[in-house]
Each structure stands twice: as structure tokens, then as C-alpha cells.
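The values are calculated or read from the model by the stated rules, or taken from the named source; none is laboratory data. Quantities reported herein were computed from a predicted structural model and do not represent experimental measurements. FYI the Cβ positions are ideal-geometry reconstructions off the backbone, even for glycines, and counts take in every protein chain you see. The protein model used for the area step is the full one, side chains on, heavy atoms only, and it has no ligands, DNA or RNA in it. Shrake-Rupley method; radii C 1.70, N 1.55, O 1.52, S 1.80 Å.
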2 protein chains.
Amino acid sequence: MAKPKLLMAVAAKWAGLASAALDNAEVVIHGRDAYHAEDIDYVLSFTPPPGLIASLPNLKCAFSLGAGVDGFLSDPTYPKHVPLVRFVDRSLSAEMAQSVLMHVLMHHRRQRFFAEAQAAKQWRQQTLTRLTEDTRVGFLGLGAIGSFTAPLLIALGFAVSSWTAHRKDLPGLKSFAGDDELTAFLGQTDLLVCLLSLTRKTVGLLNAARFAALPQGAVVINVARGAHLIEADLVAALDSGHLAGAVLDVFQQEPLSPQSPLWDHPKVTITPHIAAVSQPQAVLDFVRHGIVTIEGGAMPATVVDIATAY
Amino acid sequence: MAKPKLLMAVAAKWAGLASAALDNAEVVIHGRDAYHAEDIDYVLSFTPPPGLIASLPNLKCAFSLGAGVDGFLSDPTYPKHVPLVRFVDRSLSAEMAQSVLMHVLMHHRRQRFFAEAQAAKQWRQQTLTRLTEDTRVGFLGLGAIGSFTAPLLIALGFAVSSWTAHRKDLPGLKSFAGDDELTAFLGQTDLLVCLLSLTRKTVGLLNAARFAALPQGAVVINVARGAHLIEADLVAALDSGHLAGAVLDVFQQEPLSPQSPLWDHPKVTITPHIAAVSQPQAVLDFVRHGIVTIEGGAMPATVVDIATAY
């Protein structure tokens with residue numbers, strides 16, 4: 001029996017790895033290999049070219065190489081009957097947890113203050129601004145990655161809460177749920193961590209009104225999607241003195257323009273969308289297993305509910 | 001019955017808190033209150049003036065307000081029959097774990113590289129130098145604080161080991177023990193975290209020979225005591241290119257002299273002995289409970305074995 005065909009629309013560096021790792025599929029590289037659209041069984045991508053998925057009449061499944069699927073579903077031509085499976089694994093959750101912990105700790109432990117003291121060659125022995133137990137970390141969204149990260153912050157002594165569509169039951173976590181509880185959640189959050197998926201409901205959620213609902217001196221950490229956050233509103237909230245800082249890994253436009261006022265804003269930490277990078281080997285293993293599952297007549301557990309996902 | 005007398009030889013800021021928190025002792029402040037040496041039942045300090053402990057003939061117990069007791073035992077006049085109890089609690093362990101995690105993650109996730117990219121307004125999207133699972137964190141010493149910290153790094157996906165006097169049995173931890181295994185331990189450690197207590201055996205342990213035993217590109221994090229590390233040897237190992245970085249919270253002399261070459265060494269991160277600060281309220285609660293225990297005829301669990309502690 002011929003192997004199923006997998007079309008990869010990904011960065012060039014992945015192509016070399018794929019054939020070796022995917023022994024149960026024939027790998028076709030978008031933009032390099034010729035193919036007949038009707039022959040393609042699977043797609044692997046993160047942000048496929050608009051119209052690509054709709055052009056493949058016999059597609060059994062599309063795989064996202066990230067935890068988010070907005071790169072697929074923001075294309076209005078995406079055919080809703082095609083199952084969409086997102087990549088979630090322990091290594092990706094652990095990477096994001098590392099980034100979130102690092103930035104939470106750098107703010108909590110005043111690392112910027114101590115770096116400035118070092119630059120001035122001064123021994124400035126100051127204590128924490130707030131006790132850890134009084135420092136409230138709030139997660140906007142608590143899926144696989146947040147559920148991995150939150151218990152580590154709870155173990156480190158922080159007061160941790162989350163805001164999600166449905167109430168969460170996690171030991172030590174204060175759960176807020178639904179639109180009615182968003183303002184209350186924000187009002188008790190010192191360090192806000194955005195891990196939402198990007199959907200029509202969450203686009204632009206981090207705006208002036210939401211920043212105003214945070215306590216004076218709060219810090220915003222966005223490691224989800226740039227489109228969650230209105231950058232001009234953030235700058236205004238920082239400049240007014242209401243917010244004490246922001247960490248941004250994602251932006252309305254990427255790469256971030258050299259003209260952006262965010263780069264040298266004294267309260268902003270910027271990283272170039274690297275908070276959690278999918279490891280090619282882990283993704284290809286995941287896809288190989290996914291193809292086995294689907295060819296066996298089932299569907300991977302991380303298949304997306306397309307009706308609500310965007 | 002008269003309350004026992006507690007002599008506090010601590011920073012001035014503690015004095016005000018103590019009387020309220022310690023309702024089962026009469027608090028005497030060293031350098032402020034007059035007292036008769038024979039009346040003192042307990043001492044609370046971190047680095048008592050040399051000779052002070054020996055001058056108190058009826059002392060029942062000395063409390064260290066930190067996890068280390070070298071501030072007591074480096075005084076040769078310390079009377080070895082006086083029990084010495086060190087402060088260990090969850091808040092102190094969590095604070096040190098926060099500092100260790102933050103510095104491990106800042107190195108692992110190349111935060112300095114990204115900070116420089118931000119300063120240059122450049123989108124430099126680079127991945128990790130090493131996969132997390134291939135990044136080996138080694139703990140020199142694994143007492144209460146290390147045993148709290150190591151599992152968190154294991155959960156984050158790091159390869160974690162320890163070197164201790166006696167072999168440790170902790171899930172996911174590779175344990176090295178005894179002098180014979182120190183070199184092997186160092187040889188497989190990319191990020192070395194020193195959490196040793198300071199004793200005659202560990203003074204100067206982090207020297208040129210030990211740095212040479214680390215792999216090329218290793219990073220040294222010392223959050224224990226300055227006397228563990230020979231600073232000139234460290235600078236030489238950094239300048240030769242063998243070590244990639246160092247994080248120092250403690251120093252041979254504190255405050256660190258403005259003339260020290262460490263301040264502006266491009267590979268060195270300095271913090272002013274703040275990696276874990278004992279919270280006065282937590283310490284005073286601990287001492288209050290300790291006094292109850294001792295007055296009841298027992299001894300707190302964290303009493304030090306003075307024969308081996310220094």
C-alpha cells in the first residue's frame with residue numbers, strides 16, 4: 001500500500017529532518033516539490049498560505065506545529081470539515097513554563113533593579129517589594145501549558161489564579177470563569193500572564209479597559225499572540241504610571257518594526273517570539289504518531305473544536 | 001514563672017517586631033538593652049560578635065536566623081555544648097529556589113542575548129543553545145533548599161544531578177557522593193549551583209582545579225557563601241574562555257568592594273546577597289516555636305551537628 005502523502009508548509013530548516021523522521025508518510029515540501037492537490041492526505045504547517053488548505057480536496061487532517069491554530073483558522077477559506085490537530089507535548093509546555101517563570105521571577109525578584117545596581121557598581125541590598133505569598137499571578141487562559149505552569153508557581157509560594165471559559169479545579173488555584181468574572185480576576189492580579197488561544201473572542205482583549213482593571217503597579221506578560229494586545233493602549237497604561245512593566249514575546253506585526261516605541265520603552269522587555277519554540281524532532285514524532293492514529297481510524301486527542309476555536 | 005530571656009544580636013529593623021511576635025520570651029536587644037550575661041537563655045543572630053556566645057554561661061540554645069550557621073561556628077570561642085538551631089522554612093527554601101530557577105533560566109534561555117538584541121532594536125530570533133533535556137544542572141550540596149529546588153528543575157525538563165556527602169535518593173536526580181565522585185560530577189555539569197554549607201571542608205572548594213573539571217562553556221552560580229569560591233580563579237576561568245558565565249550573590253568580602261573586577265566583568269551577574277532573605281516574621285515564629293519545644297524538654301529538628309558543621 002502506498003504511504004500517505006504529507007505536505008509540509010514550514011520553514012526550510014525542517015525539510016531535511018522530515019523524511020528521516022516520518023517513515024510512515026511520503027513527505028512533500030510546499031514551494032519545492034511538485035504535487036497533485038488531490039494526492040495530499042495530510043498537511044503540517046503553522047501559518048499555511050491562505051487558500052492552501054481549501055485547495056486540497058482529499059485532506060484527512062491538518063497538523064499545526066504549535067499549540068495555537070489561529071494561523072489556520074484566520075484563513076476564512078479553511079474547510080471546516082477538515083480535522084485540525086494542534087501540537088502539544090511536554091517539551092513545549094516545559095519551554096513555555098520556563099519563559100513564564102523566568103519573567104515572573106525577574107519582576108518579582110527585581111532583577112532589573114539589581115542589574116542597574118551592578119552597572120553602577122553599587123551594593124544596593126534591597127528586599128522584595130512584596131512577599132511571595134502576597135504576589136498574585138493571574139493566568140488568562142489555562143490550557144495544557146498553563147496547567148503545567150501554574151502548579152510550579154504555586155510550589156514557589158505565589159498566589160495563583162486563572163481566568164477561563166469554564167471553572168478550573170486545580171489544587172491551590174483560585175479559578176475565575178466567564179465574562180462576568182473577568183474584571184474581578186484582573187482586579188486581583190499583580191502579574192498577568194496571557195496564555196489565551198487567539199479566537200474572535202480574545203482578539204484585542206488586552207486593551208485600555210482591561211489594563212485599567214488591573215491594580216496599580218501590575219505587570220503584563222504576553223506570550224500568547226500579538227493580536228491579543230493593543231500595543232498603543234499598553235504604552236499609554238505604562239506611561240501613565242498605572243502599569244509597572246510589560247514582557248512581550250509576540251506582537252501585532254512580527255518581526256517588530258525597528259520604529260516601534262516598544263523597543264526602548266524603559267518598562268518593556270522584548271523577546272522575539274521565542275518563549276516556546278516547538279522542537280522539530282518532537283513535532284515530527286507527534287505527527288508520525290498522529291498519522292498512525294488516523295490511519296487506524298481514530299483521531300489524536302488534541303484535535304481542535306473548530307466551531308469554537310476561532 | 002518568669003519568661004526566658006532572648007538576646008537578639010541582629011539588624012536594628014528586627015527589634016521592633018520581636019517583642020510583639022515573641023510573646024513567650026523577654027526580648028533583650030544587644031547593643032541597646034542592659035543585661036546580665038548569666039540571665040540569657042537564648043540568642044538569635046546570624047553573625048554574632050566574636051566571643052558573645054561564650055560570654056553567656058547559661059545559654060540553652062542559639063538560633064541562627066539563616067539556613068547557614070557559619071556565622072556562629074567560625075568563632076573559635078563558640079562553646080560546643082550549646083545547641084545551635086538553624087532557620088529553615090518553606091518560605092526561605094522557596095525564595096532560594098526562585099533565585100536559582102531565575103538564574104538557571106536566564107542562562108538557559110539566553111536572556112542576556114535577547115536583552116542586547118532589544119537594546120539594538122533588532123529582532124534576533126535564535127533558538128536555545130541546547131535542548132532542555134540536554135542541559136545538565138548540578139547542585140553542590142542538596143539540603144533542605146536544594147531538595148526543594150531540584151524537583152522543580154526536573155519538572156521543567158532539565159537533567160539534574162547533585163554532589164553530597166551521602167548519596168541522595170530523589171526521583172529523577174542523578175546522585176554523586178563523596179570526594180571520589182566530585183570530579184565526575186563536575187565533568188557532567190553545565191550549570192553548577194553551589195548551595196553548600198560553609199565548613200572547613202568546603203572553604204575555597206570552588207577553585208581553579210574545580211573550574212577546570214567543568215565542561216567548556218559551563219556556568220557557575222554561587223548563592224551559598226562567598227568563602228566557597230576563589231574569585232581570582234573564577235575570573236581567570238572566565239577570561240580563558242573555559243567558563244561561559246557566573247552568577248554571584250555572595251562574595252569573599254561583603255559589601256563587594258567598588259574596586260572588584262567582578263562588577264563590570266561581561267560574563268558576571270552580581271546580586272548583593274539577596275538570593276534568599278529570611279522574613280523576620282517567619283523567623284520570629286520559628287524562634288517562638290523553638291522556645292516552646294526546648295522549654296518542653298525537646299530540641300527543634302533543625303539543630304546542627306556541631307562536630308561536623310564547620
Study note, to complete from the structure: Expressed to two decimals, segment A:29-77 has a Cα Rg over Rh, using the Kirkwood radius, of 0.94
Check your understanding: Mind listing P(r) for segment A:34-182? All alpha-carbon pairs, 10 Å bins, whole percents.
Key -> 10, 26, 24, 20, 13, 6, 1
Review point. What is the Cα radius of gyration of segment B:134-215 over 2.2 N^0.38 Å, N being its residue count?
Key: 1.01
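Per residue of A:95-104, what is the mean number of Cβ atoms on other protein chains within 10 angstrom of that residue's Cβ?
Numbers: counts 7, 0, 5, 11, 3, 1, 8, 9, 4, 3.
Mean number of neighbouring Cβ atoms from other chains: 5.
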**Study point:** Enclosed volume per residue, in Å³, of the convex hull spanned by Cα atoms of the protein assembly as shown
**Key:** 185 Å³
Check your understanding: Modelled label-to-label distance, B:Ala12 and A:Glu116, 7 Å Cα→beta-carbon offset: nm?
Key -> 2.6 nm
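Which FRET efficiency, nearest 0.05, do B:Ala209 and B:Ala37 yield, Cβ-Cβ r, R0 56 Å?
Working: r = 45 Å, r/R0 = 0.81.
That gives a FRET efficiency of 0.80.
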Point to revise | Distance from segment B:190-261 to segment A:172-200 (C-alpha centre basis), Å | key: 42 Å
Point to revise | Mean Cα-pair separation over length for segment A:197-310, i.e. relative contact order, pairs under 8 Å, 6 or more apart, % | key: 25 percent
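Nearest 500 deg cm²/dmol is fine: what mean residue ellipticity at 222 nm does chain B get from its DSSP H runs of n ≥ 4 alone, each adding -39,500 (n - 2.57), divided by its residue count? The partial results should precede the final answer.
On the way: 10 runs with 95 residues, N = 310.
Roughly -9000 deg cm²/dmol at 222 nm, from the helical runs in chain B.
In debye to the nearest 20, how big a dipole does the protein assembly as shown give about its Cα centre with +1 on each Lys and Arg Cβ and -1 on each Asp and Glu Cβ? Walk me through the intermediate numbers first.
Working: 48 positive and 54 negative charges, 41 e Å.
I would put it at about 200 debye.
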Review point. So what is the relative contact order of chain A, in percent, for Cα pairs below 8 Å that sit 6 or more residues apart?
Key: 16 percent
**Study point:** Counting all C-alpha pairs of segment A:213-255, share separated by more than 12 Å (%)
**Key:** 57 percent
Review point. Dividing the convex hull volume of the alpha carbon atoms of chain B by its residue count, what do you get in Å³ per residue?
Key: 154 Å³
Exercise for review: Any chance you could get the radius of gyration and Dmax over the Cα atoms of segment A:124-262, in Å?
Suggested key: 14.9, 47
Review point. For segment A:1-79 and segment B:90-165, what is the separation of their C-alpha centers, rounded to whole Å?
Key: 36 Å
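Nearest 0.05, what FRET efficiency do A:Asp89 and B:Lys3 give at R0 = 51 Å with Cβ-Cβ as r?
Working: r = 59 Å, r/R0 = 1.16.
After rounding, the FRET efficiency stands at 0.30.
Heavy atoms only, probe 1.4 angstrom, no DNA, RNA or ligands counted: give me B:Lys121, A:Lys3 ranked by accessible area, highest first. Write down the numbers at each step before the final one.
Working: B:Lys121 75, A:Lys3 110 Å².
Per-residue accessible area, sorted high to low, gives A:Lys3, B:Lys121.
Can you give the convex hull volume of the alpha carbon atoms of segment B:213-302 per residue, in Å³?
On the way: hull volume 11.6 nm³, N = 90.
Spelled out: Cα convex hull of segment B:213-302, divided by residues, is 129 Å³.
Number of Lys pairs in chain A with C-alpha atoms less than 19 angstrom apart, excluding same-chain neighbours closer than eight positions?
On the way: A:Lys3/A:Lys60; A:Lys5/A:Lys60; A:Lys60/A:Lys80; A:Lys80/A:Lys201.
Final tally of qualifying lysine pairs is 4.
Which FRET efficiency, nearest 0.05, do B:Ser257 and B:Ser74 yield, Cβ-Cβ r, R0 25 Å?
Numbers: r = 21 Å, r/R0 = 0.83.
Computed FRET efficiency for B:Ser257 and B:Ser74: 0.75.
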Exercise for review: At a 1.4 Å probe radius, which order do B:His242, B:His30 fall into by accessible area, largest first?
Suggested key: B:His30, B:His242
